[in-house]
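J.: First the structure, which I've put down as structure tokens, then a few questions once you've had a look.
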2 protein chains.
Amino acid sequence: MRLSGIGELSLLDKIRKRFSAKIAGGRATVGIGDDAAVISPRGDLALTTDMMVEGVHFDLSYITPFQLGFKLVSVNVSDIYAMGGSPSYALLALALPPGTEEAFLDGLLDGVAAALRLYRARLVGGDLSSSPVMTLSATLIGRVSRSVKRGGARPGDFIYVTGPLGDSAMGLHLLKTIGKPVDLKKPVNKPFKWALLRPLLERHLQPVARNPKGFKRHATAMIDISDGLSIDLVRLCMEGRVGARIYEEKIPISFEMKTAAGYLGLDPLALALKGGEDYELLFTSPKKLSGAVCIGEVAKSGLMLVDRRGGHRPIRPEGYRHFEV
Amino acid sequence: MRLSGIGELSLLDKIRKRFSAKIAGGRATVGIGDDAAVISPRGDLALTTDMMVEGVHFDLSYITPFQLGFKLVSVNVSDIYAMGGSPSYALLALALPPGTEEAFLDGLLDGVAAALRLYRARLVGGDLSSSPVMTLSATLIGRVSRSVKRGGARPGDFIYVTGPLGDSAMGLHLLKTIGKPVDLKKPVNKPFKWALLRPLLERHLQPVARNPKGFKRHATAMIDISDGLSIDLVRLCMEGRVGARIYEEKIPISFEMKTAAGYLGLDPLALALKGGEDYELLFTSPKKLSGAVCIGEVAKSGLMLVDRRGGHRPIRPEGYRHFEV
């Protein structure tokens, strides 16, 4: 059955039933299906919106509808986390080609629901439209008691990342080699064995946003790494009017990524610096912290990458940008 | 200069400056440019998201960038108003073709800013992406002290609309005849004189959402007419599990629309019933109210249109739907 075969009213009904009250994470007095949702927040709220466009952010040749829905939520939750908040409510705006299969929409909503369950947030509203190009937009609303801005880094602070970088970029590279969507529950053993492939593919297809709960009270500045370490570090430094010095050998690179890069003749450091969509958090703190990897320190000015032999080279904002020269 | 010639960082900077703090309507502690905006709301909030897709919701052959930006805000504010709320904060997600002219973006943002100023709301964040098809999505957040849901109509309530219907549909019809965008400040006198044309064109190109301030405390149910009176009345009745009887001769039709319809050989009643995008409010109330037009009354069941001779015919949910059979 195709979407063109179901009226929008019944489609909305379906979505409403799918998301009715069974997802925890907040109190909404009016939900899906009315002109607007109504919530009763306590305290400050963090708001963010992020969209994904077919052919720009995703390619349906490589991603399943479930993964797409899951990722749409994750990329938005990542922004809430990066602000020091906790996700509570979500709104979806889906523009789908008229011929979209109902099974596709079901998969997409399953992915959205799974992610919302994981992050303890609740879908409260949205919009549904047709479009020649699939465009998925979400707005996430979270509670925040102490916001951690991008601009709060101070010279002398340590610079941390929450996990290995470049895995997502490598995952995309591998997906292009595989050439079709991969169900993460069904092992594929090409071009590498599944134990090596799976974490890299998962990081790209179904990323889980990092919850900064354990350290956010110590963070002076924070941003999520969506466009690549170098560009997001530049953003953090520009906002705080500071510089940074990071050390090549401290940048966390997973065993899986390094192995795959070696096999494919790719530079793991370049992937870690420029590869986007890892959704790890990049933050600064004056404290020595465990549970995150220290990759350098905030300086008064200058953005430098220090190599293994002590050589310095400037960091340029390289990574994915939509309107680049 | 084209968008591809400006980096995303500087583009964001431009938007941030454009919208920095000069628009009234709320308090935001963190605004555009961070991972998420942070607001300090008092009381309940209404949330809504609505998107506009090129070729589906708008055609750049007929609308200026300013009008498009203005309309994007209006359609979202209309949902907040229809919930009984007042707009406070906005988030934008813009997906623009890579070759978009900077002047286009400026015009679009001018329109967004003008509308936000009118509604006393403030842009606090957003997302910017490239896309082969221009897709504009906005999320509006408003305060609400007493929400007016779609489902609260009771048999015996009067049914009201806030203004003439079908003007927007007629405006679109005329625009297709004119065949190019119309600057509402520069009179065009074809196919009719400007005094007749302007209100119809404006209603389509640059609609102003209706503020229900004067009567919302008396409303039992409310919805904005975005897809046409008949489909939105069906929605209201379905939600409330009630019926309705509306009277043909009571449906407000403007002098301009009636005149243009007569000239073009179109049926004004059909345009009023099925034409979408008027963004008038449709509401029910047990009270006799002035300032809105009573078009009928809520019944226990059945949806009937009563004609001038007292004949009854059923109302079908006709109007614009994205996923129709």
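Just so it is clear, none of the values below were taken in a lab; they were calculated from the coordinates. Just so you know, these numbers come straight off a predicted model, no measurement behind them. Cβ sites come from the backbone with ideal geometry, for glycine too, and all protein chains shown count toward neighbours.
J.: Mind checking which lysines have their C-alpha under 21 Å from B:LYS258, skipping anything on the same chain fewer than 8 residues away?
T.: Leaving aside lysines fewer than 8 places away in the same chain, those within reach of B:LYS258 are B:LYS176, B:LYS190, B:LYS193, B:LYS250, B:LYS274.
J.: Sort A:41-48, A:241-248 by the packing proxy (mean of other Cβ within 10 Å over each peptide's residues), most packed first. Please report the intermediate quantities before stating the final value.
T.: Numbers: A:41-48: 21.0, A:241-248: 18.6.
Highest-to-lowest ranking by the protection proxy: A:41-48, A:241-248.
J.: Skipping prolines and chain starts, which residues have an amide H placed within reach, meaning under 5 Å, of the one on B:GLY228, given they are 5 or more residues away or on another chain?
T.: B:GLU277, B:ASP278
J.: If you take the alpha carbon radius of gyration of the protein assembly as shown and divide it by 2.2 N^0.38 Å, what ratio comes out, to two decimals?
T.: Numbers: Rg = 25.9 Å, N = 650, 2.2 N^0.38 = 25.8 Å.
Ratio of Rg to 2.2 N^0.38 Å for the protein assembly as shown: 1.01.
J.: Now for a separate question. Against the longest alpha carbon principal axis of chain B, how many degrees, from 0 to 90 and to the nearest 10, is the axis of helix B:255-264 turned?
T.: It works out to around 90 degrees.
J.: Checking the a/c ratio against 1.5 first, then a/b against b/c, what shape does the Cα gyration tensor give for the stretch A:159-249?
T.: On the way: a/c = 2.90, a/b = 2.16, b/c = 1.35.
Since a/c reaches 1.5 and a/b is larger than b/c, the shape of the stretch A:159-249 is classed as prolate.
J.: Residues with amide H under 5 Å of A:ILE295's amide H, sequence separation 5 or more or different chain, H placed in the peptide plane at 1.01 Å from N; which?
T.: Those lying under 5 Å, H to H, from A:ILE295 are A:ILE159, A:TYR160, A:VAL161.
J.: Along its principal axes, what span do the Cα atoms of chain B show, with the longest given first and each in whole Å?
T.: 64, 50, 37
J.: Using a Gaussian network model of chain B whose springs link C-alpha atoms within less than 10 Å, name the residue from B:ARG308, B:ARG117, B:ARG154 with the highest mean-square fluctuation.
T.: The residue with the greatest mean-square fluctuation here is B:ARG308.
J.: If you don't mind, another one. If N is the number of residues in the stretch A:158-314, what value comes out of its Cα radius of gyration divided by 2.2 N^0.38 Å? Let's see the in-between values first.
T.: Values: Rg = 16.1 Å, N = 157, 2.2 N^0.38 = 15.0 Å.
So the Cα radius of gyration is 1.07 times the expected 2.2 N^0.38 Å.
J.: Please give the charge dipole size of the protein assembly as shown, origin at the Cα centre, charges +1 on K and R Cβ atoms and -1 on D and E Cβ atoms. Round to the nearest 20 debye. Let's see the in-between values first.
T.: Working: 86 positive and 66 negative charges, 398 e Å.
So the magnitude is around 1920 debye.
J.: Continuing with the same structure: Write down the percent of antiparallel bridges among all DSSP beta bridges whose residues are both part of chain B, to the nearest 5.
T.: 75 percent
J.: Could you work out, residue by residue across A:49-59, how many beta carbons of other chains sit within 10 Å of that residue's beta carbon, and then give the average as an integer? Kindly include the intermediate steps, with their values, before the conclusion.
T.: On the way: counts 13, 7, 11, 3, 8, 3, 4, 6, 4, 0, 0.
Rounded to a whole number, the mean comes out at 5.
J.: Once the Cα atoms of helix A:167-178 and of chain A are each reduced to a long axis, what angle between those two axes, in degrees from 0 to 90 to the nearest 10, is obtained?
T.: On a 0 to 90 degree scale, this one is about 60.
J.: Taking the convex hull of the alpha carbon atoms in the stretch B:10-143, what volume per residue do you get, in Å³?
T.: Details: hull volume 13.2 nm³, N = 134.
Cα-based convex hull of the stretch B:10-143, divided per residue, equals 98 Å³.
J.: Once phi is turned into θ = phi - 60°, what whole-Hz ³J(HN,Hα) does the Karplus curve with 6.51, -1.76 and 1.60 give for every residue of the stretch A:201-213, x standing for Gly and Pro?
T.: 5, 4, 4, 8, 7, 9, x, 9, 5, 7, 7, x, 3
J.: Hey, another quick one. Provide the per-residue ³J(HN,Hα) series for the stretch A:278-293, in order, calculated from phi with Karplus coefficients 6.51, -1.76, 1.60 and θ = phi - 60°, each as a whole number of Hz, with x at glycine and proline positions.
T.: Result, ordered by residue: 7, 6, 7, 9, 10, 9, 10, 7, x, 9, 7, 10, 9, x, 8, 9 Hz.
J.: Just want to confirm a number: the relative contact order over the stretch B:10-143, from Cα pairs under 8 angstrom separated by 6+ residues, in percent.
T.: Dividing the mean separation by the residue count of the stretch B:10-143 yields 39 percent.
J.: Per residue of A:134-143, how many C-beta atoms from partner chains lie within 10 Å of its own C-beta, taken as a mean?
T.: Numbers: counts 2, 11, 2, 13, 5, 13, 2, 8, 2, 0.
Neighbouring Cβ atoms belonging to other protein chains average 6 per residue here.
J.: Name the long-range amide H neighbours of A:LYS149: under 5 Å, sequence gap of 5 or more, or other chain; modelled H, no Pro or chain starts.
T.: It is A:MET222, by chain and number.
J.: Still on this structure: Can you tell me which aspartates and glutamates have their Cα less than 18 Å from the Cα of B:LYS14? Leave out same-chain residues fewer than eight positions away.
T.: A:GLU239, A:GLU324, B:ASP34, B:ASP35, B:GLU101, B:GLU102, B:ASP106, B:ASP110, B:ASP127
J.: Here is a further query. Taking Cα atoms, how many degrees apart are the long axis of helix B:8-18 and the longest axis of chain B, rounded to 10 and kept between 0 and 90?
T.: That works out to roughly 60 degrees.
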